[in-house]
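This report refers to the structure that appears directly beneath it.
The values are calculated or read from the model by the stated rules, or taken from the named source; none is laboratory data. Everything numeric in this text was worked out from a predicted model, so none of it was measured. Cβ: placed from backbone, ideal geometry, glycine included. Neighbour counts: every protein chain shown. Surface accessibility is based on the protein's heavy atoms, side chains included, excluding ligands, DNA and RNA. Shrake-Rupley method; radii C 1.70, N 1.55, O 1.52, S 1.80 Å.
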Amino acid sequence: MKPASQSINQTAETIKPTNNTKEQKVSRRQFFYILVQTQIGVGILSLPNELHAVSRQDGWISLLVAGVVLPIVLLILWLIAKRYEDLTFFQINEKLFGKWGGRAFSLLYSCYFVSVGVLIVLLFGRMISLWVLPNTPFWVMAVCIVTVGVYLTNGGLLVLARFYTMVSLLLLLLITLSFYSLQEAHWMYLLPIGESGITKIILGAKEALLSFFGFFVSIVIFSRVEGSVKERFKTMLQAHFFVTFFYLLTLIISYTFFSTKEITFVPEPILYMLKSFELPFIARIDLFFISMWFVSVATSFTTYLYMAGQGLKEVFRLKTAKRANVFISLIIVASASLIGYDMTKMETFTKYVIQSGFIFTFYIPPFILIVALVRRRIQKERDEG
Amino acid sequence: MGFIRRLLLGDHEKLQDREFINQNDEPEYPSSTKLADNVNYLMHEFHNTNDLRIRILNKGNASLLYIESLVDQGKIHETIFRPLEFNEVDSIGEIPSAKHTLNLEESIRGLLKGHAIYMEDGRKTIAQFAVTSSFNRSTEEPQNEKVVRGSHDGFIENLMVNINLIRRRIQNRDLTIKYYKLGKKTNTNVALVFLDGVTDPELIQEIETRLNYISSDMIHSPGYVEEFIEDNTKSPFPQMLNTERPDRVVAAIMEGRVAIMTEGTPTTLIAPSTFFSFYQASDDYNMRWFTGTFVRLIRLTSFVIAIGLPAFYIAVVSFHFEVIPDELVIPVKQSINEIAYPPLIEALVMVVIIELIREAGIRLPQPIGQTIGIVGGLVIGDAVVRAGLVSNLMVIVVALTAIASFVVPSNELSTTLRFLTFPLIFLAGTLGFIGITFGFMMILIHLTRLESFGVPYLAPVAPLRFKDLKDTFIRVPIYMMNKRPRDSRAVQMEAIGPSREWKQIEKSSQSDEAGKSINQPDGGNNKTDK
């Protein structure tokens with residue numbers, strides 16, 4: 001009896017429950033789902049149509065090109081994050097660009113995240129008014145999604161991660177629904193492969209990159225993920241390829257269901273396709289699909305809200321991001337309501353956000369990396385001197 | 001002999017009776033040698049209450065005090081007067097079973113516990129005798145947690161009997177019980193029960209701290225304790241499991257959880273509890289695991305039905321009529337065409353009626369309660385439809401919802417579910433499917449944010465832990481639940497060692513035999529050949 005109880009005591013000492021959820025790290029599986037849920041979101045419905053506008057039925061090749069190119073950017077982000085393993089992205093900024101420069105930089109990034117948030121709300125509201133609730137005023141939809149976002153973000157990163165992991169079950173459901181439609185696929189529609197030519201395909205790839213913008217969250221939360229630096233990079237890649245696969249599936253399904261001519265007339269191919277199916281006990285599967293899509297949109301929105309909130313928290317040295325989150329979401333609701341369903345305003349806004357998206361997620365990270373490298377070189381020389 | 005042995009071998013340390021309260025904090029009032037002073041002090045402290053009996057013995061030189069309503073007269077006779085009658089002792093003060101004290105305050109506590117105290121003129125020592133009477137009902141199965149197979153006893157209002165029921169089931173020295181006195185005026189006994197070495201010591205410490213913070217005049221019921229120590233009071237979801245079943249409490253303790261029991265109530269609180277523990281019933285473990293899993297799945301589906309079905313129906317009828325397949329459109333339309341009110345009002349009225357019937361059924365004595373069920377359910381239901389106030393389909397939907405909400409083995413969660421129906425009905429009535437998705441998301445986020453004593457409420461789903469799913473949506477065979485679930489915070493994970501290895505041994509021996517039987521004919525042939 002004695003030795004047994006001793007061993008019990010030992011285990012009691014070694015296993016320490018971590019009560020403090022704030023400082024707890026996110027597991028790699030949760031990291032994976034955060035990345036996936038952030039990237040798959042508002043764009044999934046219109047992606048097939050938008051890609052088709054550029055590279056026609058070869059849109060899926062464009063996507064593959066984008067999917068192959070993007071890991072380079074991931075590598076750059078990783079190289080930055082790995083240098084400052086314990087710092088958040090905003091803290092890295094301050095380290096590299098000095099106190100005020102870094103803060104200004106972080107503030108710019110926060111503004112970018114906020115504007116993406118606004119864009120998500122806008123696209124979401126438009127889609128809902130087109131497909132489900134034509135008479136509902138815009139601000140109601142905006143308040144809906146923002147409420148979910150604030151409530152989720154204020155729970156902290158851990159709650160965010162847990163929730164994303166849980167709702168990823170819906171992705172499985174979406175994939176199953178998609179496979180159901182494969183029985184009506186006409187593979188002939190994909191032919192001739194490579195008709196649009198290399199330039200068009202490359203241009204399409206640029207378009208396709210848009211739907212991967214969410215990957216930027218990987219550097220923001222990098223320091224709060226468990227595991228070695230290399231393992232985390234592996235998870236980033238896994239998530240990226242999962243997302244690519246998921247997009248590829250939607251593209252192929254829509255391109256095989258609708259012919260090249262038809263697809264120009266359907267802005268949301270997946271929904272139109274589901275609309276045509278009828279299960280014995282339920283019709284209009286598209287409505288259910290949209291309800292599930294709402295969850296995906298809400299998760300992407302929440303991530304941007306989270307990032308913006310963390311940015312503000314760092315810039316203004318707040319204790320928690322809660323107030324900042326509420327403040328940001330008020331701004332988002334207000335500015336989104338200003339644009340509302342107005343198509344022309346929305347298009348200009350979208351254009352700006354996409355441009356700044358390219359700047360903030362593709363052009364600036366290499367610059368940050370260079371600054372980091374230069375600083376390290378200077379540091380070294382100083383140490384040697 | 002005894003004296004010499006003690007002198008040589010003993011350590012000469014005088015042990016004292018162990019009390020579970022810290023005596024340093026208790027007030028002290030030394031007893032006097034004058035009997036009248038002592039008696040007067042006690043009379044004064046008890047405000048001359050009439051049930052304090054003072055029996056004068058020895059021609060006025062000694063007295064026996066007790067609170068009439070708390071003691072058993074038979075026991076007084078047995079322990080105090082019988083030894084005198086049989087001349088075993090010369091005076092009551094010398095009876096060996098007595099507990100002696102010099103503190104009048106302590107004797108007051110004794111009196112309140114139902115002890116009798118004996119004082120003599122000229123002596124300071126007060127002798128106390130435990131002669132408490134207690135009236136217990138039998139430990140029969142609780143009405144609200146019946147099972148088909150398994151143990152059929154339940155807790156009662158007496159803490160000692162309840163702990164006895166647990167100790168009988170766990171005969172282990174590690175089973176530890178800690179007493180607390182809560183309620184500044186009521187001095188209610190509260191007991192923490194846990195298995196030392198399995199339960200996380202930090203968890204126990206956490207619960208102790210929270211219990212010690214309670215500063216209330218009375219602890220009336222487990223609901224009091226629950227609201228004082230639970231993590232988040234601003235939540236409709238119960239964060240501690242309530243049960244009256246000893247087998248359930250024992251199972252929880254064995255998993256490394258802590259049971260909190262209160263004197264005067266059969267309900268025991270279990271901490272930490274997760275959402276899925278509210279869906280487990282003792283029955284599940286007595287069934288075949290196939291059927292156990294099946295029942296689990298039905299129960300968890302009932303969660304979605306109970307909070308979502310009326311909302312779904314309203315959303316379909318008032319927003320998304322196109323969701324209904326062609327064959328069903330006409331019957332549905334026919335049933336709701338004649339109704340004057342919008343589906344939202346219809347649903348609210350019906351749900352409220354169901355709640356009224358349920359509440360009335362609980363408060364009334366049983367025979368009348370059933371009548372209410374029949375009058376409410378059948379008569380009103382039928383009449384309401386005929387009068388054209390509510391549609392047929394709505395009655396079906398609301399009735400199904402009510403049934404689904406009663407499937408949950410836990411009463412509190414069932415109430416929560418019926419409460420959550422209302423916001424979802426409103427959301428569905430204003431925003432259709434989007435409203436429902438919004439509502440469900442908010443509920444799920446809330447559940448993800450909740451924690452019960454440092455354990456995520458939705459564990460093991462959020463955070464996801466595949467290994468612990470074995471006792472949530474499904475119920476795997478018992479021998480496969482060899483590790484304790486993470487959500488109990490147990491420090492010793494191993495619960496079941498290899499228990500079905502006999503199967504492999506049997507198999508291997510069978511194959512050995514089979515091998516032999518193949519070989520044997522050869523051997524036999526060889527023999528015959530030789």
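Taking a label point 7 Å from the Cα of A:Val68 along the Cα→Cβ vector, which residues of the range A:187-209 have an amide N closer than 18 Å to it? So the set is A:193-209.
The label-point distance for B:Ser134 and A:Leu169, in a model that sets each label 7 Å from Cα toward Cβ, rounds to 4.5 nm.
Seen from B:Arg358, the other residues with C-beta closer than 15 Å to its C-beta sum to a net charge of -1, counting Lys and Arg as +1 and Asp and Glu as -1.
Between B:Leu300 and B:Asp196, what FRET efficiency comes out of the Förster formula 1/(1 + (r/R0)^6) with R0 = 35 Å and r the beta carbon distance, rounded to 0.05?
Calculated value: 0.55.
Here the range B:159-273 was treated as a single set of alpha-carbon atoms; its pair distances binned every 5 Å from 0 give 2, 12, 25, 25, 21, 11, 3, 0 percent.
Assign one of three labels to chain B, namely rounded, prolate or oblate, based on the Cα gyration tensor with a ≥ b ≥ c the square roots of its eigenvalues; rounded applies when a/c is under 1.5, prolate when it is not and a/b is larger than b/c, and oblate otherwise. Verdict is oblate for chain B.
Could you state the orientation-averaged shadow area of the convex hull built on the Cα atoms of chain A, in nm² to one decimal?
Numbers: hull surface 103.5 nm².
So the Cα hull casts an average projection of 25.9 nm².
Taking 0.36 nm per residue of separation and subtracting the Cα-Cα distance, full extension of the segment from B:Arg149 to B:Trp289 would add 49.0 nm.
Kindly express, to the nearest 10 degrees and within the range 0 to 90, the angle between helix B:411-449's C-alpha long axis and the longest C-alpha principal axis of chain B. Result, in degrees: 30. Label-to-label distance for A:Phe316 and B:Arg465 is 3.8 nm, based on points extended 7 Å past Cα in the beta-carbon direction. Taken over the range A:26-374, lysine pairs spaced eight or more positions apart, or on distinct chains, with alpha carbons under 16 Å apart number 6. In a DSSP loop and with at most 12 other Cβ atoms within 10 Å, there are no GluC sites (Glu not before Pro) in the range B:100-202. Dividing the summed -39500 (n - 2.57) terms of all DSSP H runs of n ≥ 4 by the residue count of chain A sets its mean residue ellipticity at 222 nm at -25000 deg cm²/dmol.
Rounded to the nearest whole Å², what accessible area per residue is found for the range A:106-256 with the 1.4 Å probe?
On a per-residue basis, 38 Å².
Accessible area lost on pairing A with B, both sides, 1.4 Å probe, Å² to nearest 100? The A and B chains share an interface burying roughly 3700 Å². The angle separating the long axis of helix A:138-153 from the principal Cα axis of greatest extent in chain A is about 30 degrees. Subtracting the Cα-Cα distance of A:Ile331 and A:Lys230 from 0.36 nm times their residue separation leaves 32.6 nm of extension gain. Among the residues of B:445-457, the average count of other protein chain beta-carbon atoms within 10 Å of the residue beta-carbon is 5. Counting charges near B:Met218 (Lys, Arg +1; Asp, Glu -1) among other residues having Cβ under 9 Å from its Cβ returns a value of +1.
Surface composition of the range A:17-100: carbon and sulfur make up 57 percent of the accessible area, probe 1.4 Å.
Placing pseudo-labels 7 Å out from each Cα toward the beta carbon at B:Asp51 and B:Arg210 gives an inter-label distance of 3.5 nm. Residues of the range B:159-180 whose accessible area, computed with a 1.4 Å probe over protein heavy atoms, drops by at least 20 Å² once all protein chains are present relative to their chain alone are B:Arg173, B:Asp174.
Sites count as exposed loop sites when they are GluC sites (Glu not before Pro), lie in a DSSP loop, and have at most 16 other Cβ atoms within 10 angstrom; the longest stretch of chain A without one is A:227-385. When the GluC sites (Glu not before Pro) in the range B:290-355 are filtered for DSSP coil states and for at most 16 other beta-carbon atoms within 10 Å of their beta-carbon, the remaining sites are B:Glu338.
Ranked from largest, the principal axis spans of the Cα set of the protein assembly as shown equal 120, 99, 94 Å. For the range B:287-456, the share of alpha carbon pairs falling in successive 5 Å distance bins from zero is 1, 8, 14, 18, 19, 15, 12, 8, 4, 1, 0 percent. Tilt of helix B:343-363 relative to the longest C-alpha principal axis of chain B, in degrees (0 to 90, nearest 10)? That works out to roughly 30 degrees. Within the range B:470-513, the trypsin sites (Lys or Arg not before Pro) that combine a DSSP coil assignment with at most 13 other C-beta atoms in a 10 angstrom radius are B:Arg500. Over chain B, with every protein chain in place, what whole percent of the accessible area is carbon and sulfur at 1.4 Å, could you tell me? The C+S portion of the solvent-accessible surface of chain B is 57 percent.
For chain B, the 222 nm mean residue ellipticity estimated from helices alone, with every DSSP H stretch of n ≥ 4 adding -39500 (n - 2.57) and the total spread over all residues, rounds to -14500 deg cm²/dmol.
Comparing the range B:16-130 with the 2.2 N^0.38 Å rule of thumb, its C-alpha radius of gyration ratio is 1.02 (two decimals).
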